[in-house]
1. Which order results if TYR152, TYR16 are arranged by neighbouring Cβ count within 10 Å, fewest first?
2. Too long at a 24 Å Cα-Cα cut-off: which of LYS187/LYS300; LYS78/LYS300; LYS159/LYS284; LYS159/LYS251?
3. Relative contact order (percent) for the chain, with alpha-carbon contacts under 8 angstrom and 6 or more residues of separation?
4. So for region 1-125, Kirkwood radius off the Cα pairs, Stokes-Einstein at 4 °C and 1.567 mPa s: how many µm² s⁻¹?
5. Scaled to the compact-protein estimate 2.2 N^0.38 Å, what is the alpha-carbon radius of gyration of the chain, rounded to two decimal places?
6. Please list, by residue number, every one of the chymotrypsin sites (Phe, Trp or Tyr not before Pro) in region 182-247 that is coil in DSSP and has at most 13 other beta-carbon atoms within 10 Å.
7. Could you tell me whether region 91-201 comes out rounded, prolate or oblate from its Cα gyration tensor? Rule is a ≥ b ≥ c as square roots of the eigenvalues, rounded for a/c under 1.5, then prolate if a/b exceeds b/c, otherwise oblate.
8. Please label the shape of region 182-305 as rounded, prolate or oblate, based on the square roots a ≥ b ≥ c of the eigenvalues of the alpha-carbon gyration tensor (a/c under 1.5 means rounded; beyond that, a/b larger than b/c means prolate, else oblate).
Amino acid sequence: MARVAIVGAGAMGSVYAGLMASAGHEVFAITLWTDHAGAMARHGLRVEGASGDRTVSVHGRTSTDGIDPCDLVIIATKAADVEAAARSALPLLGPGTSVQTIQNGLGSAERVAEIIDPDSVAVGVVGGFGASLRAPGHAHHNAMEMVRFGAYAGLPRTKLEAGAEVWRSAGFEVMLFDDIDRMVWEKLIMNVAFSATSCLTGMTIGQVMSDANAWQVARECALEAVEVAAAHGIALQVGDPIEHIRELGAKMPDARPSMLLDHLARQRSEIEAINGAIPREAAKVRLTAPVNTTVVALVKAREADFSSANPQEQKSK
């Protein structure tokens, strides 16, 4: 069994921690939310939803202090917080440690690799979970879809496989990719479709797909992303991308994207890393992305007076 640290045990990170602990791994769940860490330390971590319902023993912590090096470190913070998380993870690293960084949008892995040896880093994307924290020590997820990883730079295939096996042992379906640009953009088009649209309308994924007006915005956001990916030479292998997005969305119609959850909590979102990435990448290939540009402006206008800190999503570990 592996020794695993989840740096950023918010909603998604807690699902990872709970299922890995349930599989017998020793798991450190690190969060800045004191109540969540305390509940996990005293009563265990409950994870329920599509994978069943269990309460497992994990090491709930508010920092990495005093934790010996781990076999696997998973950075599961929001995109804005990966640098602080990477710095806090340094004491967890030994000669054989692999680091997986899992964020929405673009640019996080590059920032992690400025702090942690790029040859020990794997880039990950997950989809189809729709996770939320119901209470301190209690996480829920709506579905359980695929987890994907690829080496950022020179991570040996054996270490990439070993990290993937930890996830598989916990019940996750895992695929490994050599082309991490394709891997990231195939997830990004889904995020781009639903994140800002749900945030601005308050709708679940299923409601967005059922509402003609909301779906028009979601569809146009996604089509701009597909056009930009193609202009960058990124060959998406999902068939018809819009049908692909609808098929994935249909598997979790009641899910509320994290961007919407952030706004309900009056916290700033990952809008710049997700929809905001499309106009930036479009400009590099002399394209524009007017729909994404517009929804980014609207989301940022809404969150202008929000706090930048969100203890439930683990900002700095």
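Where a number appears in this text, it was derived from the coordinates with a stated rule and is not lab data. As the structure is a computational prediction, the values presented were derived from the model and not from experiment. Here the Cβ positions follow ideal geometry from the backbone for every residue, glycine too, while neighbour counts run over all protein chains shown.
1. Ordered from fewest to most neighbouring Cβ atoms within 10 Å, TYR152, TYR16 come out as TYR152, TYR16.
2. LYS159/LYS284; LYS159/LYS251
3. Computed over the chain, the figure is 20 percent.
4. Result for D is 90 µm²/s.
5. Details: Rg = 18.3 Å, N = 317, 2.2 N^0.38 = 19.6 Å.
Taking N as the residue count of the chain, the ratio is 0.93.
6. Nothing satisfies the criteria.
7. On the way: a/c = 1.72, a/b = 1.42, b/c = 1.21.
Prolate shape, in that a/c is at least 1.5 and a/b is the bigger ratio.
8. On the way: a/c = 1.87, a/b = 1.19, b/c = 1.57.
Verdict is oblate for region 182-305.
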